[in-house]
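Read through the structure below, which is laid out as structure tokens, and then see the notes.
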Amino acid sequence: MNRSDQMLIRELKDGEEEAFKELVEKYQDKVYNTCLGFVKNTEDADDLSQEVFIEIYRSINKFREESSLSTWIYRITVNKSLELLRRMKRKKRFGFLTGSGEESVKRETRDLDFNHPGVLAENREKAEILFKAIDKLPEKQRIAFTLNKLEDLNYEQIAEVMGKSISSVESLLHRARTNLKKMLYNYYSS
């Protein structure tokens with residue numbers, strides 16, 4: 001952990017407001033982009049980003065500093081994102097069972113407005129197809145792939161965030177790429 005993060009953590013634990021502002025400035029783009037990579041919706045990513053920073057503020061005294069501050073923040077971000085996706089899936093299933101699919105229709109309409117900052121305008125259609133394929137990956141593969149390809153984390157960082165070994169991360173990424181190749185084969189071969 002670098003010296004500035006250690007000082008920032010100490011100041012956060014002491015309740016210094018300026019330290020929290022500094023933390024938000026330093027990590028807001030990474031948190032937002034990670035959320036957006038999972039939920040594919042700017043409004044949800046904004047809301048999730050706020051939830052992440054609220055969680056950081058509430059639980060900074062529980063942070064044991066066994067990992068880097070950024071790893072801890074990524075872990076919270078991934079967990080919050082997955083929690084939202086699970087809630088959305090439950091709502092969609094419940095809406096289907098009760099015959100009220102209106103919420104899922106609204107959600108799907110909003111998803112079409114997805115604009116990830118790393119995607120150029122001329123590549124939006126391809127990106128949408130890729131992101132839909134990523135969403136179909138098993139959860140652990142999706143997490144590893146998103147952190148590696150969208151957040152540019154290396155294998156060691158992903159292993160820390162996910163609580164896995166580096167070889168497990170390598171395996172997850174290999175399987176994710178293999179699965180994506182299979183899913184996208186028809187689209188790119190035609």
Some residue of segment 67-77 being more than 15 Å from the chain's Cα centre (by Cα) and assigned to a helix (DSSP H, G or I): yes
Single residue of segment 21-66 satisfying the filter (outside any helix (DSSP H, G or I) and out of contact with any helix residue (DSSP H, G or I) (no Cβ under 8 Å at 6 or more places or on another chain)) that is nearest to Arg142 (Cα to Cα): Glu66
Test for Tyr27: is it in the same structural domain as Leu85 (by TED's automatic domain parsing) and surrounded by 16 or more Cβ atoms within 10 Å (Cβ to Cβ): yes
Subset of segment 155-190 [surrounded by fewer than 11 Cβ atoms within 10 Å (Cβ to Cβ) and under 26 Å from Lys126 (Cβ atoms)]: Lys182, Tyr185, Asn186, Tyr188, Ser189, Ser190
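The values are calculated or read from the model by the stated rules, or taken from the named source; none is laboratory data. Note that this is a predicted model, so its numbers are computed, not measured. Counting neighbours? That spans all protein chains shown, and the Cβs are built from the backbone with ideal geometry, glycine included.
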